[in-house]
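Report on the structure given below.
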């Protein structure tokens with residue numbers, strides 16, 4: 001008799017759509033209608049008194065709007081209801097302090113998206129190894145790239161199914177993001193070793209056991225030259241535009257090409273990030289990372305008129321590099337991937353990890369000689385090694401000393417474990 005523990009897991013999977021030109025026009029129309037529906041709801045909310053801002057009144061208002069405004073009819077009724085629920089959820093998040101108040105959605109500043117709330121409307125089938133097909137309401141049957149096994153057909157059931165999807169458009173075209181619910185066997189505790197992780201700019205990820213994960217440029221030399229040429233062309237065309245004049249279609253096409261190259265670089269970076277975090281989650285039982293406040297780390301050094309900042313250009317470049325490495329997304333991936341493999345992710349305090357010697361535990365000024373080399377200036381030590389690996393060893397040592405951060409009432413506190421491993425096991 002099996003005693004495996006089953007746990008319900010919800011995750012998303014994004015795949016690229018292969019739409020025809022007519023399908024692109026239909027999907028674009030639905031996205032613009034969804035954005036207009038949001039703006040109409042926001043205008044209605046601001047106009048109505050507080051006692052009449054109810055879900056029933058808002059539902060009646062959008063039904064009337066769909067009858068009065070012809071182009072809103074291209075949006076499926078269920079997608080319109082999803083816009084209504086999302087808008088009310090946005091206000092709830094604002095009242096609970098998790099987000100800012102919702103606002104109007106601009107045409108060029110808003111990500112185009114359409115929600116498909118019911119998974120049964122998709123009617124997903126797999127054509128062959130590379131492609132699958134799904135039914136998009138008011139668009140028809142469309143193909144999408146099959147890169148992950150989905151619970152469809154005989155593999156689908158009450159617990160393993162696709163609960164819905166969302167169509168999202170970026171610079172590379174339309175994608176479909178499935179919402180998947182699965183019932184999986186709870187993995188046994190991971191028996192792998194503990195490891196400390198240090199994130200950086202020169203070396204993106206360094207582990208306490210000496211392993212490093214590096215990468216090159218996300219665009220080839222030819223693509224970088226093309227991107228630079230497009231940016232120079234866009235700046236030139238923008239310079240010749242008169243104040244108040246509308247942006248020309250030619251300039252919009254140049255912007256689209258720039259966005260396409262940047263999206264290609266981001267997609268390659270995301271793919272590499274998935275491969276790296278999966279390898280770490282599979283190989284180690286406990287992954288220890290620093291608790292970094294990224295919003296403070298990427299603050300501008302421009303300052304004010306009375307007190308202007310120093311080294312503003314250098315700090316701007318550093319902020320751009322930190323944002324490009326996406327450290328927060330790395331921690332997010334490690335969090336759910338370690339849980340899937342039976343491991344755990346632990347956060348420890350960040351101050352001093354890069355300046356402290358991992359051999360003697362003493363922080364001596366001048367030990368961090370360069371970005372890559374650490375030489376302990378303690379007369380009784382003198383240890384030298386890679387600076388990133390030294391920081392990763394310090395991160396792991398903080399965990400073994402029992403200094404782990406746990407969330408408590410919206411803030412992080414230090415928890416000291418009762419049983420402390422010997423400090424020699426670094």
note = Residue count, the range 1-56, condition farther than 27 Å from residue 119 by Cα and touching a strand residue (DSSP E or B) at 6+ places or on another chain (Cβ under 7 Å), comes to 1
Filtered residues of the range 373-388 (kept if assigned to a loop (DSSP other than H, G, I, E, B) and surrounded by 13 or more Cβ atoms within 10 Å (Cβ to Cβ)) = 376, 377, 378, 381, 383
note = residue 160 vs (1) touching a helix residue (DSSP H, G or I) at 6+ places or on another chain (Cβ under 9 Å); (2) without any contact (Cβ under 8 Å) to a residue 60 or more places away in the chain: all pass except (1)
message = Quick test for you: out of 226, 238, pick the one residue that is more than 28 Å from residue 289 (Cβ to Cβ), modelled with pLDDT under 90 and not assigned by TED's automatic domain parsing to the domain that holds residue 353.
response = 238
task = Please find, among 345, 398, the residue that is in the same structural domain as residue 330 (by TED's automatic domain parsing) and assigned to a helix (DSSP H, G or I).
result = 398
request  = Look through 301, 259, 339, 313 and report the one residue that is modelled with pLDDT of 90 or more and either farther than 20 Å from residue 14 by Cβ or out of contact with any strand residue (DSSP E or B) (no Cβ under 6 Å at 6 or more places or on another chain) (or both).
outcome  = 259
query = Pick from 286, 247, 278: which is surrounded by 11 or more Cβ atoms within 10 Å (Cβ to Cβ), in contact with a helix residue (DSSP H, G or I) (Cβ under 9 Å, 6 or more places away or on another chain) and modelled with pLDDT of 90 or more?
reply = 278
message = Can you pull out every residue in the range 58-68 that is in contact with a helix residue (DSSP H, G or I) (Cβ under 8 Å, 6 or more places away or on another chain) and within 22 Å of residue 26 (Cβ to Cβ)?
response = 62, 65, 66
inquiry  = So, in the range 74-87, how many residues would count as being surrounded by fewer than 18 Cβ atoms within 10 Å (Cβ to Cβ) and either in contact with a strand residue (DSSP E or B) (Cβ under 8 Å, 6 or more places away or on another chain) or over 19 Å from residue 118 (Cβ atoms) (or both)?
reply    = 2
ask   = Can you pull out the residues in the range 21-42 that are touching a residue at least 60 places away in the same chain (Cβ under 8 Å) and out of contact with any helix residue (DSSP H, G or I) (no Cβ under 6 Å at 6 or more places or on another chain)?
value = 23, 24, 26, 27, 28, 31, 32, 35, 39, 42
task = Confirm whether residue 331 is closer than 28 Å to residue 385 by Cβ, outside any helix (DSSP H, G or I) and under 20 Å from the mean Cα position of the chain (by Cα).
result = no
key: The one condition in (1) surrounded by 13 or more Cβ atoms within 10 Å (Cβ to Cβ); (2) in contact (Cβ under 8 Å) with a residue 24 or more places away in the chain; (3) not in a loop (DSSP other than H, G, I, E, B) that residue 238 fails to fulfil   = (2)
request  = Please go through the range 52-80 and pick out each residue that is in a loop (DSSP other than H, G, I, E, B) and either farther than 18 Å from residue 91 by Cβ or touching a residue at least 40 places away in the same chain (Cβ under 8 Å) (or both).
outcome  = 69, 75, 76
remark   = Of those in the range 100-117 that are in contact (Cβ under 8 Å) with a residue 24 or more places away in the chain and closer than 15 Å to residue 41 by Cβ, the residue nearest to the chain's Cα centre (by Cα) is 110
message = Given the condition under 30 Å from residue 398 (Cβ atoms) and in the same structural domain as residue 335 (by TED's automatic domain parsing), answer yes or no: does some residue in the range 253-271 qualify?
response = no
query = When you go through 67, 96 one by one, which is the residue that is loosely packed, with under 12 Cβ neighbours inside 10 Å, out of contact with any strand residue (DSSP E or B) (no Cβ under 9 Å at 6 or more places or on another chain) and over 26 Å from residue 138 (Cα atoms)?
reply = 96
message = Restricting to the range 250-269, count the residues that are surrounded by fewer than 13 Cβ atoms within 10 Å (Cβ to Cβ) and in contact (Cβ under 8 Å) with a residue 40 or more places away in the chain.
response = 1
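The values are calculated or read from the model by the stated rules, or taken from the named source; none is laboratory data. Remember, it's a predicted structure, so these values are computed and weren't measured experimentally. No Cβ is skipped: glycine too gets one built from the backbone with ideal geometry, and neighbour counts run over all protein chains shown.
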